[in-house]
1. Across region 86-104, which residue is surrounded by the most Cβ atoms within 10 Å (Cβ to Cβ) among those that are in contact (Cβ under 8 Å) with a residue 60 or more places away in the chain and in a strand (DSSP E or B)?
2. Suppose we filter region 1-28 for residues that are closer than 23 Å to residue 105 by Cβ and not in a helix (DSSP H, G or I); how many remain?
3. Do we find that residue 95 is among the aliphatic types (A, V, I, L, M), touching an Asp or Glu at 6+ places or on another chain (Cβ under 9 Å) and modelled with pLDDT under 85 in this structure?
4. Only one of these is under 23 Å from residue 1 (Cα atoms), surrounded by 11 or more Cβ atoms within 10 Å (Cβ to Cβ) and either at pLDDT below 85 or of a type outside the set (Asp, Glu) (or both): 43, 73, 55. Name it.
5. How many residues are within 17 Å of residue 90 (Cβ to Cβ) and among the small types (Gly, Ala, Ser) if we restrict to region 13-41?
6. Please determine whether any residue of region 9-22 is acidic (Asp, Glu) and farther than 19 Å from residue 73 by Cα.
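The values are calculated or read from the model by the stated rules, or taken from the named source; none is laboratory data. Every value quoted in this text rests on a predicted model; they were computed, and no experiment measured them. Backbone-built Cβ (ideal geometry, glycine too); neighbour counts: all protein chains shown.
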Amino acid sequence: MIKDDRSVPAQWRDPSTVVFGLGDAAKTTLPEAVGPVPAGTAWMVGTTQQAGLPWIGANTQHESLGGTTSVTWTLTGFEGPGAMVVFTQGSLGQIVGEEWFRASGGQV
């Protein structure tokens with residue numbers, strides 16, 4: 001489920017009904033390759049909230065998880081040109097941190 005905080009109270013949405021579009025606010029220049037994404041123009045969304053960008057976080061707040069102590073994340077779909085990689089936020093001097101998921105050419 002996707003938690004949508006744009007209204008109060010927040011709404012839980014079926015992932016198949018949600019599209020995260022990235023415009024110019026997400027456009028950046030990579031000084032070096034990041035995984036399969038070459039140096040140059042790329043679109044990135046950080047783990048902190050930024051104006052003009054969807055805030056795509058990762059949480060375990062859905063009631064269906066109850067008292068679950070471990071969670072397995074699975075990327076089940078990707079549609080778009082080029083490559084898509086999901087990383088944790090990089091620390092000092094790093095562009096990105098640990099890789100979570102990778103897909104390219106619409107294939108997971």
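1. Checked region 86-104; the qualifying residue surrounded by the most Cβ atoms within 10 Å (Cβ to Cβ) is 96.
2. Filtering region 1-28 for residues closer than 23 Å to residue 105 by Cβ gives 15-16, 18-23, 26-28.
Imposing the further condition that a residue be not in a helix (DSSP H, G or I) reduces the set to 18-23, 27-28.
Matching residues across region 1-28 total 8.
3. Yes, satisfied.
4. From the options 43, 73, 55, the qualifying one is 55.
5. Within region 13-41, residues that are within 17 Å of residue 90 (Cβ to Cβ) and among the small types (Gly, Ala, Ser) number 4.
6. Quick first cut of region 9-22, residues acidic (Asp, Glu) only: 14.
In the following step, the residues that additionally are farther than 19 Å from residue 73 by Cα were identified as none.
The answer is no; no qualifying residue exists.
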